[in-house]
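Every number here is computed from the coordinates shown, using simple stated rules; none is lab data. Treat the numbers as computed from the prediction; the structure is a model and nothing was measured. Note that each Cβ is placed from the backbone with ideal geometry, even for glycine, and that neighbours are counted across all protein chains shown.
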Amino acid sequence: MTTVARMIVDALATQGVRQVWGVVGDALNPVTDAIRTDDRIEWIGVRHEEAGAFAASAQAQLTQDLAVCMGTVGPGAIHLLNGLYDAKKSHAPVLAITGQVPLEELGTDFFQEVDNDLLFRDVSVFCRTVTSPDQMPALLEQAVNAAITRRGVAVLTLPGDVGSKDLPDGVRTPTFVRPPQPQVAPADQVADAASAIAQADKVTLLVGCGALDARDDVLALADRLKAPMVLSLKAKPVLEHDNPYQVGQSGLIGNRAAAKALHEADLLVMVGTDFPYREFYPKGTPAVQIDVRGEHIGRRHPIAHPVVGDAGRTVRAILAALPQKDKRSDKHLRKCVSEYEDWVKDQRSLIRGPGRTSVVGRVRQVFENPHRRIRPELLAATVDEYAADDAVFTSDTGMSTVWLSRFVTMRGTRRMVGSYNLGSMANAMPQALGASALDRSRQVIAFCGDGGLMMLLGDLRTAVTFNLPVVFVVFDNGRLGMVKLEQEQGGLPEFGTELDNPDLAAVATSLGLQAERVTEESELAGAVQRAVASGSPYLLDVVTNPDEVAVPAQVTLSQGWGFAIAKSKEMLESR
């Protein structure tokens, strides 16, 4: 005989799960005991369940395989929610096993009782409570298969008195499905898209993470169409390097070349992207959208030519349907690429702090960096220089992501993960833990905001406890930086964003990490080199300038005036 808990652990190990993240406790004790006696699965006990859910989300995003986290009765399960929402919005297959009060107490408002089926309904593609051993392994199969096939979160709730119960003799082994094979779009949709593309003169591609497995196909399409390629942030790891057509990102972290490419095109071709910011799409431009998820078609931008299918297979089909002798001009491409190269040069000049000529820039010259703190642009560029070509980067939402996007190149086999759909704080550190646990020999670097790091600070110790050699690079500007910028662009003085941080390097040292605090530009390169070469958990607390401005692709006059007015108010109030 075997127990429900041991059957679950054995099935997950057979499926290929190698780590489970969570906090031990009461209802889940039978499951953690089964993990204790199965050397195929490593238990990684975090200090906060949210960190465990973020770690599992990162693992699922990086591998596209099932990842697992756990939280016990009531509060323990509730703590998983934020990380699980990150998995949901990133289409990451995650199984969350949650505890519940004993069966006889269900519905009595018992101590710590929470209705998990109600609580997790919105975040999950499957959510059930096991109320009898006879329901197993069917419910486990449904949970795992839903997570895998629907690329989302499955929640299986296990009351404490069910996990330890014996299964009947001869119970069958769980059967899990494989992800469905990607399919090419229907022939009529391919023909319609190819016809629209053939008739267009200036085509721009907007490419997202749905094309990560279709690099060669997307490059071939750009070459045939002489089309500039705007990348979503999540497409950057695979499609940025050695790509003569790419012109960077659009949106709040975008650039003027990407804006030009989008707004001067007479046809937009979207490939595997659900880019959410409607205001950055070109107005009135017809569009082709290729996406494996039909529900994504047209929800961000009006689509004249919907194409539902796998990016790589569908792009190949469209290429085959296009006229072989295409004599279109490459003027649109050359113009956008040239603009992008100029913008990159301008960005690189920010590392040492030149003068500015833009509306926001002229105001900035008066106020920026009076204390000569290290520029975050320089910090990001220095990490880029010394990091390995196969490094995995994570970034906190906000300014840390801006600096990663603009100053770290995804050369070699580098990867990146962030809360790029949910936009949560505090994700970089736990996601880096998850990435490092996949392969402790691979370099993992977390771009942490000071606000984000402090929110889940306790799980720095998890890196030490489980020998996860992450380099935590802290952009320590004493601010919630993106909120500060939002306030100032709206003409409001900064309020509520200042952080009275401790010496974060000293805190990290007390937690058992190697750590260094950097306050001088001359010390930065050496500190970064020591950190990335350490091979152990390492925190760099770099004191950066809080007044750096990440100028969006298209600065409006109102933004410039808002920034000027806000700075004037701040000066008057500080006096």
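Taking the highest mean first, how do the peptides 333-344, 499-510, 394-405 order by number of other beta carbon atoms within 10 angstrom per residue?
Ranking, from highest mean packing down: 394-405, 333-344, 499-510.
List the chymotrypsin sites (Phe, Trp or Tyr not before Pro) in the range 442-498 that DSSP assigns to loop (not H, G, I, E or B) and whose Cβ has at most 13 other Cβ atoms within 10 Å. Which are they?
When the chymotrypsin sites (Phe, Trp or Tyr not before Pro) of the range 442-498 are filtered for loop state and at most 13 Cβ neighbours within 10 Å, PHE495 remain.
Ratio to report: Rg/Rh of the range 5-68, with Cα atoms as the point set and Rh obtained by the Kirkwood method; give two decimals.
Radius of gyration over Kirkwood radius for the range 5-68 works out to 0.95.
Quick check: convex hull of the Cα atoms in the range 267-331, volume per residue, rounded to a whole Å³?
So the per-residue hull volume is 102 Å³.
Treating cross-link reach as a plain straight distance, find the aspartates and glutamates whose alpha-carbon is under 12 Å from the alpha-carbon of LYS88, omitting any fewer than eight places away in the same chain.
Within reach: ASP122.
For PHE472, what residues show an amide H to amide H distance below 5 Å, using hydrogens built from the backbone and excluding near sequence neighbours?
Under 5 Å from the amide H of PHE472: ALA446, TYR538, LEU539, LEU540.
Taking θ = phi - 60°, what integer Hz values does the Karplus form 6.51 cos²θ - 1.76 cosθ + 1.60 yield along the range 284-300, in sequence order, with x for Gly and Pro?
Whole-Hz 3J(HN,Hα) from phi for the range 284-300: x, 8, x, 9, 9, 10, 10, 8, 5, 9, x, 5, 7, 5, x, 7, 10.
Can you tell me what the convex hull of the Cα atoms of the chain projects to on average, as an area in nm²?
27.5 nm²
Arrange the following residues from fewest to most other Cβ atoms within 10 Å of their Cβ: THR108, THR413, THR72.
Listed from fewest to most nearby Cβ atoms, that is THR108, THR413, THR72.
Where does each of 414-425, 201-212 land if you order them by average Cβ count within 10 Å, highest first?
201-212, 414-425
In a shell of Cβ-Cβ distance under 10 Å around THR2, excluding THR2 itself, what net charge do Lys and Arg (+1) and Asp and Glu (-1) give?
Once positives and negatives cancel, what remains is -2.
Within a Cβ distance under 15 Å of ALA515, other residues only, what is the Lys/Arg minus Asp/Glu net charge?
-3
Over the range 4-163, how many percent of alpha carbon pairs lie in each 10 Å bin up to the one with the longest distance?
P(r) over the range 4-163, rounded to whole percents: 12, 47, 36, 5, 0.
Defining a contact as two alpha carbons under 8 Å apart and six or more residues distant in sequence, what relative contact order in percent does the range 211-290 show?
Reported as a whole number, the value is 24 percent.
Any aspartates and glutamates with Cα under 19 Å of the LYS484 Cα? List them, leaving off those in the same chain fewer than 8 positions away.
Partners found: GLU368, GLU377, ASP396, ASP450, ASP476, GLU494, GLU498, ASP500, ASP547, GLU548, GLU570, GLU573.
If you count, for each residue, the other Cβ atoms within 10 Å and average over each peptide, how do 537-548, 35-46 line up from highest to lowest?
For the peptides 537-548, 35-46, the packing ranking is 537-548, 35-46.
Tell me which trypsin sites (Lys or Arg not before Pro) from the range 94-154 have a DSSP coil assignment and no more than 16 other beta carbons within 10 Å of their own.
ARG121
Could you tell me which GluC sites (Glu not before Pro) in the range 92-200 are loop residues by DSSP with no more than 16 other beta carbons within 10 angstrom of their beta carbon?
Taking the range 92-200 and a limit of 16 other Cβ atoms within 10 Å, the loop GluC sites (Glu not before Pro) found are GLU113.
Show the residues, 5+ positions off or on another chain, whose built amide H is closer than 5 Å to the amide H of VAL271.
Placed amide hydrogens put LEU206, VAL207, GLY208, ILE290 under 5 Å from VAL271.
Got a sec? Which residues in the range 377-396 would a label at GLU521 touch, if it sits 7 Å along Cα→Cβ and we count backbone N under 17 Å?
Counting backbone N atoms under 17 Å from the label point, the list is 377-383.
Within the range 133-158, name every residue whose backbone N is under 16 Å away from a label modeled 7 Å from Cα of VAL171 along the Cβ vector.
Label zone hits: 133-144, 156-158.
Calculate one ³J(HN,Hα) per residue across the range 108-116 by plugging θ = phi - 60° into the Karplus curve 6.51 cos²θ - 1.76 cosθ + 1.60, and present them in order as whole Hz with x for glycine and proline.
Result, ordered by residue: 9, 6, 5, 3, 6, 5, 9, 7, 4 Hz.
If the cut-off is a Cα-Cα distance under 30 Å, which lysines reach LYS325, setting aside same-chain residues fewer than 8 apart in sequence?
The reachable lysines, counting only those whose Cα sits under 30 Å from LYS325, are LYS202, LYS226, LYS260, LYS335.
Determine the calculated [θ] at 222 nm for the chain from helices alone, applying -39500 (n - 2.57) to every DSSP H run no shorter than 4 residues and normalising by the residue count; nearest 500 deg cm²/dmol.
Rounded to the nearest 500, it is -12000 deg cm²/dmol.
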